[in-house]
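**Q** Below you will find the structure I want to go over with you.
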Amino acid sequence: MSAQTVVIIGAGEAGGQAAISLRQNGFAGRVIVVGDEAYIPYERPPLSKAFLAGEADLERMYMRGPDFYPQNHIELRLRTTVSGIDRAAKNVTLSNGEALAYDKLVVATGGRVRKLTCPGATLPGVYYLRSIDDVLEYRDKLVAGANLAIIGGGYIGLEVAAVAIKRGCHVSVIEALPRVLNRVVAPEMSDFYTDVHRQAGVNILTSTAVTAIEGHSKLERVLCNNGRAIEADLAIVGIGILPNVEIAKSAGLICDNGVVVNEFALTADPDVYAIGDCSNHPNGLLGGRLRLESVPNALGQGKAAALHILGKPEPYSEVPWFWSDQYDLKLQMTGLSEPGDTVVIRGSVPERKFSACYLRGGVFVACNAVNMAKDFLQSKKLIASKIKPDPMKLADATIALKDLAA
């Protein structure tokens, strides 16, 4: 390929991986990464885990060290946003007024936190978790005796709860739905994690919606729809993210729960790609389109876009996987479960070493493994193969998952 310019909008893990993969695979042209934060591309999962706990310093967060980018001639335009895309002229306008011409454009704009909209939601003391700066704003406030209200019982909320309770905080998790992790795991898994957190001292409130935040000059309490008032020195909100598609939509790209792309992360414009949390892509293994908020997806699509730009197309179609660390528990998930799936438990819930396997029409579609690394690793192949295991054998943890495909 002759030298050309690739502009990447977004310096998160997807955008960072696209730039890295371009250089790793021999791209000789100009690579420019535009990011709105002050930091070089970094990993986000530690934000709610080791970095929040103060166990990981900033350097450990980086995807590559600071020297990597100049050494590999990757231009980073940090603290900078893109205000417009002109697809006809093939350039982007930056917030400083500069125009950058591109031959290929990669949209890796990620997502933003969903904000509370109740009265008092903007009071000082109400925080979110999406970036390094977010965590630095309140990490030192998580001290012994502090009252912390966590609004949202998803993975982020529960991971923050695990960190805060270890630091001696009084923690309440407020979840509007009937159970924690309601959208992503079976009731058995929700019950397990509710018990784990309650045993650790976390106050879990389900079927409880926040109606207002009260305080004079800052947050003092969280009011709920059941009349309860939760005293709080600070609140951390984790109620989901929204894909940042506005810049793509204004450029005329097709958006439907994300920027619509094909299996190579390419949009309907042959010179524009979209990757990571902001993209909606097809998955041949699952037989449908989806938008995934996960590190493996961000990295996989970043590589796919780079290879396609290089004329070495490799379709991106992987079994989705995720993980969550809480206390001494490692939850590793493969596939995507849905309400109504049959759930088969293998292993020992009391010993905190078990897997919840999901069957849909008898087909193995997902696995949530708690401290069961082998089940996690072996389940990917079973899901991709669309096997129909014998439920009795599936429940027998002495039988390796890989042997069910024989």
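Values quoted throughout were computed directly from the atomic coordinates according to the rules given, and no laboratory measurement underlies them. The structure presented is a predicted model; accordingly, all values stated were derived computationally and were not measured. Please note: Cβ atoms are built from the backbone with ideal geometry, for glycine as well, and neighbour counts cover all protein chains shown.
**Q** Does the stretch 21-28 include one or more residues that are touching a residue at least 60 places away in the same chain (Cβ under 8 Å), under 24 Å from residue 133 (Cα atoms) and polar (S, T, N, Q)?
**A** No, the stretch 21-28 has no match at all.
**Q** Is there a residue in the stretch 193-214 that is within 27 Å of residue 329 (Cβ to Cβ), of a type in the set (Ser, Thr, Tyr) and outside any loop (DSSP other than H, G, I, E, B)?
**A** Checked the stretch 193-214: at least one residue is within 27 Å of residue 329 (Cβ to Cβ), of a type in the set (Ser, Thr, Tyr) and outside any loop (DSSP other than H, G, I, E, B).
**Q** While we're looking at this one, here's another question. Restricting attention to the stretch 150-184, which residues are of a type in the set (Val, Ile, Thr), crowded, with 23+ Cβ neighbours inside 10 Å and in a loop (DSSP other than H, G, I, E, B)? First the steps, then the outcome.
**A** Pass one, the stretch 150-184, residues of a type in the set (Val, Ile, Thr): 150-151, 156, 160, 163, 165, 171, 173-174, 180, 184.
Next, only the ones that are crowded, with 23+ Cβ neighbours inside 10 Å stay: 150-151, 156, 160, 163, 171, 173-174, 180.
Scanning the stretch 150-184 gives a single hit, 180.
**Q** Please go through the stretch 7-33 and pick out each residue that is in a strand (DSSP E or B) and of a type in the set (Lys, Arg).
**A** Within the stretch 7-33, the first condition is being in a strand (DSSP E or B), and the residues that meet it are 7-9, 30-33.
Across the stretch 7-33, the qualifying residue is only 30.
**Q** Does the stretch 218-238 contain any residue that is in contact with a helix residue (DSSP H, G or I) (Cβ under 9 Å, 6 or more places away or on another chain), over 25 Å from residue 352 (Cβ atoms) and of a type outside the set (A, V, I, L, M)?
**A** Going through the stretch 218-238, the residues in contact with a helix residue (DSSP H, G or I) (Cβ under 9 Å, 6 or more places away or on another chain) turn out to be 233-234, 236-238.
Cutting the leftovers down to over 25 Å from residue 352 (Cβ atoms) gives us 233-234, 236-237.
Narrowing the set further to residues that are of a type outside the set (A, V, I, L, M) leaves 233.
Scanning the stretch 218-238 turns up at least one residue that is in contact with a helix residue (DSSP H, G or I) (Cβ under 9 Å, 6 or more places away or on another chain), over 25 Å from residue 352 (Cβ atoms) and of a type outside the set (A, V, I, L, M).
**Q** Let me ask something else. When you go through 292, 299, 285 one by one, which is the residue that is assigned to a helix (DSSP H, G or I) and among the hydrophobic types (A, V, I, L, M, F, W, C)?
**A** Values: 292 fails: assigned to a helix (DSSP H, G or I); 285 fails: assigned to a helix (DSSP H, G or I).
Residue meeting the stated conditions: 299.
**Q** Another question about this same structure. Quick one: in the stretch 95-125, of everything that is under 22 Å from residue 280 (Cα atoms) and in a strand (DSSP E or B), which residue is nearest to the chain's Cα centre (by Cα)?
**A** Taking the candidates together, the pick is 111.
**Q** How many of the residues in the stretch 325-374 are of a type outside the set (Ser, Thr, Tyr), in contact with a Phe, Trp or Tyr (Cβ under 9 Å, 6 or more places away or on another chain) and assigned to a strand (DSSP E or B)?
**A** Of the residues in that region, 22 qualify.
**Q** Additional query: Hey, could you check the stretch 328-364 for residues that are more than 22 Å from the chain's Cα centre (by Cα) and of a type in the set (S, T, N, Q) and say which is surrounded by the fewest Cβ atoms within 10 Å (Cβ to Cβ)?
**A** Looking at the filtered set, the residue picked out is 348.
**Q** Hey, another quick one. Just one of 122, 93 is surrounded by fewer than 17 Cβ atoms within 10 Å (Cβ to Cβ), free of Cβ contacts under 8 Å to residues at least 24 places away in the same chain, in contact with a Gly (Cβ under 8 Å, 6 or more places away or on another chain) and not acidic (Asp, Glu); which is it? Write out each step before concluding.
**A** Details: 122 fails: in contact with a Gly (Cβ under 8 Å, 6 or more places away or on another chain).
Of the residues listed, the single one that is surrounded by fewer than 17 Cβ atoms within 10 Å (Cβ to Cβ), free of Cβ contacts under 8 Å to residues at least 24 places away in the same chain, in contact with a Gly (Cβ under 8 Å, 6 or more places away or on another chain) and not acidic (Asp, Glu) is 93.
**Q** Then there is this: Can you pull out the residues in the stretch 239-264 that are of a type outside the set (S, T, N, Q) and part of a loop (DSSP other than H, G, I, E, B)?
**A** 239, 240, 245, 251, 252, 253, 254, 256, 258, 261, 263, 264, listed by residue number.
**Q** Could I ask something else about it? Quick check on the stretch 125-138: of everything there that is under 15 Å from residue 39 (Cα atoms) and not hydroxyl-bearing (Ser, Thr, Tyr), which residue is surrounded by the most Cβ atoms within 10 Å (Cβ to Cβ)? Explain how you work it out, then say what you get.
**A** Residues of the stretch 125-138 that are under 15 Å from residue 39 (Cα atoms), as a first pass: 130-136.
Right, trim to not hydroxyl-bearing (Ser, Thr, Tyr) and you get 130, 132-136.
Working: 130: 17, 132: 17, 133: 10, 134: 16, 135: 21, 136: 12.
The qualifying residue surrounded by the most Cβ atoms within 10 Å (Cβ to Cβ) is 135.
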